[in-house]
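Before any comments, here is the structure.
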Amino acid sequence: MKAKDIFIKNKDFSMEAADSLFAMALKASENSYAPYSNFHVGAALLTAEGEVFTGVNVENASYGATVCAERTAVFSAVAAGKRKFVAIAVASPDGKAYPCGMCRQVLSEFGKDIKIIVGLDAESIEITDVAEMLPKGFEL
Ligand SMILES: [Zn+2]
């Protein structure tokens, strides 16, 4: 069952949805472009409408031009007209991948209550949220 179906069925966020999103993020990481770090990351972002946008890290020879999986997912969703997000899962076959500071800041633009799902694998999922991961973030 897709996260979308679970979300719509339960009208709330559930552990099943977290598991499903995490699996989607891990699957997405297969498309990661990480020839420099060899740390492949995938993200799966669940919108309030129940859609899921995935993203991967895309590295660059100039390093600074690299974009993380979380921001790739957020920017894809925003480009498609979505701005309300319920949760984002971040997964890597290469280790536990907490969002970096820049991605936490980007997520906080769209909600402090967005759930963040991370883990080493499907058996060790941790659920937190933007407020917890970015206390006192920048705001206008
Ligand atoms: Zn990041």
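The values are calculated or read from the model by the stated rules, or taken from the named source; none is laboratory data. None of these values were measured; they are calculated from a predicted model. All Cβ positions, even for glycine, are placed from backbone atoms using ideal geometry, and neighbour counts span all protein chains on display. Just so you know, the surface numbers come from the protein's heavy atoms only, side chains and all, with ligands and any DNA or RNA stripped out. Shrake-Rupley method; radii C 1.70, N 1.55, O 1.52, S 1.80 Å.
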request  = Return the total of residues in the stretch 107-129 being open to solvent by less than 30 Å² (accessible area, probe 1.4 Å), of a type outside the set (Gly, Ala, Ser) and within 25 Å of TYR33 (Cα to Cα).
outcome  = 4
task = For GLU132, indicate whether it is in contact with a strand residue (DSSP E or B) (Cβ under 9 Å, 6 or more places away or on another chain), part of a strand (DSSP E or B), open to solvent by 50 Å² or more (accessible area, probe 1.4 Å) and closer than 21 Å to MET15 by Cβ.
result = no
ask   = Which numbered condition trips up CYS103, out of (1) surrounded by fewer than 17 Cβ atoms within 10 Å (Cβ to Cβ); (2) closer than 21 Å to GLU126 by Cα; (3) within 13 Å of the ligand (Cβ to nearest atom); (4) not aromatic (Phe, Trp, Tyr)?
value = (1)
query = Can you tell me how many residues in the stretch 106-140 are in contact with an Asp or Glu (Cβ under 8 Å, 6 or more places away or on another chain), within 16 Å of the ligand (Cβ to nearest atom) and within 14 Å of PHE22 (Cβ to Cβ)?
reply = 3
message = Out of the helices (runs of 4 or more DSSP H) lying entirely within the stretch 1-91, which hold 3 or more residues that are more than 16 Å from the ligand (Cβ to nearest atom), at pLDDT 95 or above and open to solvent by 40 Å² or more (accessible area, probe 1.4 Å)?
response = 15-28
